[in-house]
Amino acid sequence: MKHIHQTHSHSLQSAEPDIHESSNIFNSFAGEWTSIGPNNKIIEASIGDYTYTMDDVTINYAEVGKFTSIASHVCINPVDHPMERVSQHHMTYRRMDYGFAETDDQGIFDWRRGNRVTIGHDVWIGHGAIVMKGVKIGNGAVVGSGAVVTKDVEPYTIVVGVAAKPIKTRFPKEICDKLQQIAWWDWPRELLEMRFHELNDAYGFIQKYG
């Protein structure tokens, strides 16, 4: 993984992360062949190789695996407000902005950092989906458009709705298990290039490599 540096280019012609100039990135990391779309806001997140985001994506305090596809207007780990206080307005912790104190309430930000989201490899998150704090999404899972994910999602499971519920798995269990064991997302680039043409046939793939 390498530190994200904000640049602007038009295509993925190299392994360097491609970050749209309109995106706002803070203290985050990205792997090779990653692409961050327009108007993203990413705070203290780690993004794995080949993962891409479309426009208007928000990612806070999250670990995102490799080869993950994040559609437009997705929000991962929307930050909470301290509802137990008299006022839940952020003046109570962003105190300096309002002239109420000379320091901000660092405890709130540490609390947010302690509720990270974990997203596996080869996950597809559909348009406008929201993944709530502390959720873990397994490898190969699918989150339907507009879903609000409040609970962990098992590998290769498709979830939809508000709150999101599983409707089926992408493959029978034995196929899912073998794909997990093969862990093709960890293959080096040279091996991926050699076997790239085999990625479209799941059953032939596991027969050969499972």
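Points to keep in mind about this one:
For every residue, the table says whether it meets (1) on the phi > 0 side of the Ramachandran plot; (2) among the polar types (S, T, N, Q); (3) part of a strand (DSSP E or B); (4) crowded, with 16+ Cβ neighbours inside 10 Å.
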| position | (1), (2), (3), (4) |
| --- | --- |
| V159 | no, no, yes, yes |
| I175 | no, no, no, yes |
| K178 | no, no, no, yes |
| Q181 | no, yes, no, no |
| L191 | no, no, no, no |
| H197 | no, no, no, no |
| N200 | no, yes, no, no |
| G204 | no, no, no, no |
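- Restricting attention to segment 76-119, the residues that are touching an Asp or Glu at 6+ places or on another chain (Cβ under 9 Å) and either among the charged types (D, E, K, R) or under 26 Å from P155 (Cβ atoms) (or both) add up to 11.
- Conditions (1) among the polar types (S, T, N, Q); (2) surrounded by 15 or more Cβ atoms within 10 Å (Cβ to Cβ); (3) farther than 29 Å from Q180 by Cα; number of the one not met by T58: (3)
- So V86, is it aliphatic (A, V, I, L, M) and under 17 Å from I19 (Cα atoms): no
- Selection from segment 87-104 of residues that are surrounded by 10 or more Cβ atoms within 10 Å (Cβ to Cβ) and among the β-branched types (V, I, T): T92
- The lone criterion from (1) closer than 24 Å to W111 by Cα; (2) without any contact (Cβ under 8 Å) to a residue 24 or more places away in the chain; (3) open to solvent by 60 Å² or more (accessible area, probe 1.4 Å) left unmet by F29 is number (2).
- Checked against the criteria, D80 counts as open to solvent by 30 Å² or more (accessible area, probe 1.4 Å), in contact (Cβ under 8 Å) with a residue 24 or more places away in the chain and of a type in the set (D, E).
- Matching residues, segment 105-138, being open to solvent by less than 30 Å² (accessible area, probe 1.4 Å), under 17 Å from Q180 (Cα atoms) and in a loop (DSSP other than H, G, I, E, B): G120, V123, G138
- Taken together, the residues in segment 139-149 that are crowded, with 16+ Cβ neighbours inside 10 Å, outside any strand (DSSP E or B) and touching a strand residue (DSSP E or B) at 6+ places or on another chain (Cβ under 9 Å) amount to 4.
- Qualifying positions in segment 161-173 - in a loop (DSSP other than H, G, I, E, B) and either touching a Leu at 6+ places or on another chain (Cβ under 8 Å) or farther than 17 Å from F67 by Cβ (or both): G161, A163, A164, F171, P172
Quick grid of which residues meet (1) polar (S, T, N, Q); (2) under 30 Å from G161 (Cα atoms); (3) in contact (Cβ under 8 Å) with a residue 40 or more places away in the chain:
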| position | (1), (2), (3) |
| --- | --- |
| F67 | no, yes, yes |
| S72 | yes, yes, yes |
| E84 | no, yes, no |
| R95 | no, no, no |
| E102 | no, no, no |
| K133 | no, yes, yes |
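- Residue within segment 68-77 that is β-branched (V, I, T), outside any strand (DSSP E or B) and open to solvent by less than 70 Å² (accessible area, probe 1.4 Å) present: yes
- In segment 11-26, of all residues being surrounded by fewer than 11 Cβ atoms within 10 Å (Cβ to Cβ) and either closer than 18 Å to Y50 by Cβ or of a type in the set (S, T, N, Q) (or both), the one that is modelled with the highest pLDDT corresponds to S14.
The values are calculated or read from the model by the stated rules, or taken from the named source; none is laboratory data. Remember, it's a predicted structure, so these values are computed and weren't measured experimentally. Backbone-built Cβ (ideal geometry, glycine too); neighbour counts: all protein chains shown. Protein only, heavy atoms only, side chains kept; ligands, DNA and RNA dropped before computing areas. Shrake-Rupley method; radii C 1.70, N 1.55, O 1.52, S 1.80 Å.
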